[in-house]
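**Student:** Pasting a structure here, questions to come.
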Amino acid sequence: MTTKSIVQEFTKGLWDENPVFRQLLGLCPTLAVTGWVINGLAMGLATTFVLIFSSLVISSIKKLIPSQVRIATFIVVIATFVTIADLFLKAYFYQISKALGPYVPLIVVNCIILGRQEAFSSKNSVGRSFIDALGMSSGFILALLVLSSIREILGAGTFLGYKVMGPWFKPWIIMILPPGAFLALGILLGIALHIESKTKSRK
Amino acid sequence: MELVAIFISAILVNNFVLYYFLGICPFLGVSKKIDSALSMGLAVTFVMTITSVVSWAINNWILIPYELDYLKIVSFILVIASLVQLVEMFIRKMSPPLYQALGIYLPLITTNCAIMGLALLAALREYGFAEAVVFGVGSGLGFTLAIVLMAGIREQLDLADVPEPLKGAGIALIVAGIMALGFMAFIGMIR
C-alpha cells in the first residue's frame with residue numbers, strides 16, 4: 001500500500017478500484033440521479049466536495065480519534081460537510097437541488113465516503129488521503145457521467161439538454177425511468193467485468 | 001383513505017428499492033436465499049417503523065420549534081445509528097429467539113440508506129404522526145416484498161446459464177430492472 005506512487009494512488013480510483021464498477025459502492029445515488037447528465041454531474045461534484053474535505057479533516061485528526069468511537073466521529077464529520085453541500089446547492093442552484101431531492105442529504109450514507117475514511121484516511125498522511133479522495137471521486141464522477149450519458153441520450157435523445165439525435169430517433173422513455181437505471185448499470189457492470197477479464201488474460 | 005393511499009403507494013407504487021433506489025446494498029447482498037432475505041426484510045421493517053416514530057418526534061418537537069433545521073442530517077444519522085444499537089441490545093435481552101432469527105442483519109441496517117431515506121422523505125413531505133408511521137410500516141413491507149421476490153428469482157437463476165461477466169451483480173441488476181418494469185404497472189392504482 002505504502003509503496004504506491006502518487007500517480008498510482010490517483011489512478012487506482014479511476015479503474016482498478018473504481019467505486020461503482022469494481023467495488024459496487026454507492027449504488028443508490030448512482031442509480032437514482034443518472035436520468036439526466038446535469039443531475040449526475042451535480043451529484044458527482046457534491047460527493048467529491050464531501051469526500052475530499054472529510055478525508056482532509058479525518059486524516060489530519062486521525063491521531064486524536066479514539067478507535068472505539070471512530071465510526072461515529074467519521075459520520076459527524078461527513079454529515080457536517082453534507083449539510084454544507086446541501087445548503088450551498090439550495091442557495092445557488094435551487095433547480096438542481098430540487099431535482100436531486102433527498103439524495104443530497106443521503107450522501108451521508110454513501111458507503112464510498114465512509115469506506116474511504118475507514119480504509120484509507122484514518123491510516124495515511126494528509127497528502128496521500130487527498131490524492132486518494134481525488135482519485136476515488138474522479139472514478140465516481142466518471143461512472144455517473146457514463147451512466148447518465150447513456151440514459152439521457154437513449155431516453156430523451158439529448159445530452160445536457162441539447163438535442164444530439166436526429167428527428168428519426170424515437171426516445172426510449174424507459175431509460176430515464178427507474179427500470180432503465182437497473183438495466184443500464186447491469187449491462188455496464190457486465191462490460192466492465194468482461195474488459196477486466198480480457199486484459200487479465202492478456203498479461 | 002389518505003392513509004390507505006400512503007400505505008399502498010409505499011409498498012407497491014413508490015417501492016423503496018425499485019423506485020427510490022434506496023437500500024440497494026442489502027437488496028443485492030442478502031438476496032441469495034429466501035430465508036435470509038425474509039429475515040432481513042423483517043428486520044428492516046421493524047427498524048423502519050421505530051425510525052419513523054422517533055425521527056418524526058425529533059423533527060417536530062425539537063428541530064422545527066427551535067429552528068434547528070440545518071442540524072437535520074447530523075441528528076437523523078446519529079439517532080438512527082444509536083437506535084439500531086439500542087434495538088439490537090433490547091431484542092437480545094427481551095427475545096432471544098427473535099434475536100437469533102434477525103441475527104447479523106440488525107447491525108447491517110445502520111448503513112442502510114433506506115432508513116435514512118425514510119426519515120428524510122417523511123420530513124420532506126411534512127407528514128403528520130399517523131401518516132409517518134403508516135409510511136414507515138409500508139416502506140418496510142415494500143422492501144421485504146422486493147427482496148423476497150428477488151431472492152426467489154435468484155434461487156432459480158442458480159440453475160440458469162448466465163454469461164460469465166454478468167454473473168453476480170450484473171444479472172441481479174438486470175433482474176431488478178425487469179422487476180421495476182413490472183412494478184411500474186401499479187402506478188395506475190394511485191390517483
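**Student:** Only sites in a loop by DSSP and with at most 14 other Cβ atoms within 10 Å count here; which trypsin sites (Lys or Arg not before Pro) in the range B:54-152 make the cut? Could the numbers behind the result be given before it?
**Tutor:** Details: sites: B:Lys72, B:Arg92, B:Lys93, B:Arg125; in loops: B:Arg125.
Filter output for the range B:54-152: B:Arg125.
**Student:** Still on this structure, I have one more. For peptide A:71-82, compute the average count of partner chain beta-carbon atoms within 10 Å of each residue's beta-carbon. Numbers along the way, then the final one.
**Tutor:** Working: counts 3, 4, 0, 0, 6, 3, 0, 3, 8, 2, 1, 3.
Per-residue shielding by partner chains comes out at 3.
**Student:** Filter A:Lys12/B:Lys33; A:Lys123/A:Lys200; A:Lys90/B:Lys72 down to the pairs with a C-alpha to C-alpha distance above 26 Å, please. Present the calculation step by step, with values, prior to reporting the outcome.
**Tutor:** Numbers: A:Lys12/B:Lys33 34 Å; A:Lys123/A:Lys200 30 Å; A:Lys90/B:Lys72 15 Å.
Distance filter (> 26 Å) returns A:Lys12/B:Lys33; A:Lys123/A:Lys200.
**Student:** Roughly how crowded by other chains is peptide B:173-186, in terms of the mean Cβ count from those chains within 10 Å of each of its Cβ atoms? Spell out each step's value before the answer.
**Tutor:** Numbers: counts 13, 9, 3, 8, 12, 4, 2, 9, 7, 1, 2, 4, 0, 0.
Across the residues of B:173-186, the mean count of other-chain Cβ atoms within 10 Å is 5.
**Student:** If you rank A:Arg70, A:Arg128, A:Arg202 by fewest surrounding Cβ atoms within 10 Å, what's the result?
**Tutor:** Ascending number of Cβ neighbours within 10 Å: A:Arg202, A:Arg70, A:Arg128.
**Student:** If one takes the longest principal axis of the Cα atoms in chain B, at what angle in degrees, from 0 to 90 and to the nearest 10, does the Cα axis of helix B:34-57 lie?
**Tutor:** Taking Cα atoms only, the helix is inclined about 20 degrees.
**Student:** Here is a follow-up. Mind listing the long-range amide H neighbours of A:Phe159? Cut-off is under 5 Å, sequence gap 5 or more, other chains count too, H placed in the peptide plane at 1.01 Å from N.
**Tutor:** When sequence neighbours closer than 5 places are left aside, the close amide H contacts are A:Val164.
**Student:** If exposed means no more than 16 neighbouring beta carbons inside 10 Å and the site is in a DSSP loop, what's the longest run of chain B without any exposed GluC sites (Glu not before Pro)?
**Tutor:** On the way: sites that count: B:Glu67, B:Glu126.
For GluC sites (Glu not before Pro) (loop position, at most 16 other Cβ atoms within 10 Å), the longest site-free span of chain B is B:1-66.
**Student:** Using alpha carbons only, how many degrees (0 to 90, rounded to 10) separate the axis of helix B:72-94 from the longest principal axis of chain B?
**Tutor:** 70 degrees
**Student:** Sort B:Thr45, A:Thr47 by Cβ crowding within 10 Å, fewest neighbours at the top.
**Tutor:** Numbers: B:Thr45 18, A:Thr47 25.
With the fewest neighbours first, B:Thr45, A:Thr47 line up as B:Thr45, A:Thr47.
**Student:** Using alpha-carbon pairs under 8 Å, 6+ residues apart, how would you state the relative contact order of the range B:2-186 in percent?
**Tutor:** On the way: 202 pairs, mean separation 83.3, N = 185.
Relative contact order of the range B:2-186: 45 percent.
**Student:** Picking from B:Ile80, B:Val13, B:Leu124, whose Cα lies most toward the positive end of the charge dipole for the range B:2-186 (charges on Cβ: Lys, Arg +1; Asp, Glu -1)?
**Tutor:** So the residue we want is B:Ile80.
**Student:** Here's another thing I want to ask about it. Quick check for me: using +1 on Lys/Arg Cβ and -1 on Asp/Glu Cβ, what's the dipole size of chain A about its Cα centre, in debye to the nearest 20? Please list the in-between numbers first.
**Tutor:** Details: 18 positive and 8 negative charges, 70 e Å.
Computed charge dipole of chain A: roughly 340 debye.
**Student:** Quick one: 3J(HN,Hα) in Hz for the range A:160-168, Karplus 6.51/-1.76/1.60 with θ = phi - 60°, rounded, Gly and Pro as x.
**Tutor:** Values per residue, Gly and Pro as x: 6, x, 8, 5, 10, 9, x, x, 6 Hz.
**Student:** Let me understand chain B better: what is its radius of gyration from the alpha carbons, and its Dmax, in angstrom?
**Tutor:** 17.3, 59
**Student:** Next question. Let me check I have the definition right: for the range A:55-152, take the eigenvalues of the Cα gyration tensor, multiply each by 5, take square roots. What are those semi-axes in whole Å, largest first? Mind dumping the intermediate values first?
**Tutor:** On the way: eigenvalues 141, 58, 24 Å².
The answer is 27, 17, 11 Å, longest axis first.
**Student:** Average partner chain C-beta neighbours within 10 Å, per residue of B:72-81? Display every interim value, and only then the final one.
**Tutor:** Working: counts 4, 15, 8, 1, 4, 9, 4, 0, 2, 3.
Counting Cβ atoms of other protein chains within 10 Å of each residue's Cβ and averaging gives 5.
**Student:** Quick one: angle between helix B:169-184 and the longest Cα principal axis of chain B, in degrees between 0 and 90, rounded to 10, please.
**Tutor:** 70 degrees
**Student:** Quick one: order A:Cys28, B:Cys113 by neighbouring beta-carbon count within 10 Å, fewest to most. All intermediate terms of the calculation are to be shown ahead of the outcome.
**Tutor:** Details: A:Cys28 26, B:Cys113 29.
Ascending Cβ contact count within 10 Å gives the list A:Cys28, B:Cys113.
**Student:** From the helices alone, meaning DSSP H stretches of at least four residues, give me the mean residue ellipticity at 222 nm for the protein assembly as shown, per-run term -39500 (n - 2.57), in deg cm²/dmol to the nearest 500. Show your work: numbers first, answer last.
**Tutor:** Values: 17 runs with 256 residues, N = 394.
After summing the helix terms and dividing by the residues of the protein assembly as shown, the value is -21500 deg cm²/dmol.
**Student:** How are the Cα pair distances of the range B:133-191 distributed, in percent, across 5 Å bins from 0?
**Tutor:** 4, 15, 20, 23, 16, 10, 7, 4, 1
**Student:** Around A:Gly115, with a cut-off of 15 angstrom between Cβ atoms, what is the net charge of the other residues, counting Lys and Arg +1 and Asp and Glu -1?
**Tutor:** So the environment of A:Gly115 carries a net charge of +2.
**Student:** Mind putting a number on the dipole of the protein assembly as shown about its Cα centre? Charges go on the C-beta only, +1 for Lys and Arg and -1 for Asp and Glu, and I need it in Debye to the nearest 20. Let's see the in-between values first.
**Tutor:** Details: 27 positive and 19 negative charges, 175 e Å.
With only Lys, Arg, Asp and Glu charged at Cβ, the dipole is about 840 debye.
**Student:** Identify which of B:Gly23, B:Gly152, B:Gly138 has the largest mean-square fluctuation in a Gaussian network model of chain B, with springs joining Cα atoms closer than 10 Å.
**Tutor:** B:Gly152
Every number in this text was worked out from the coordinates using simple rules, so none of it is lab data. Source: prediction; values computed, not measured. Every residue, glycine as well, gets a Cβ built from its backbone with ideal geometry; the counts of neighbours run over all protein chains shown.
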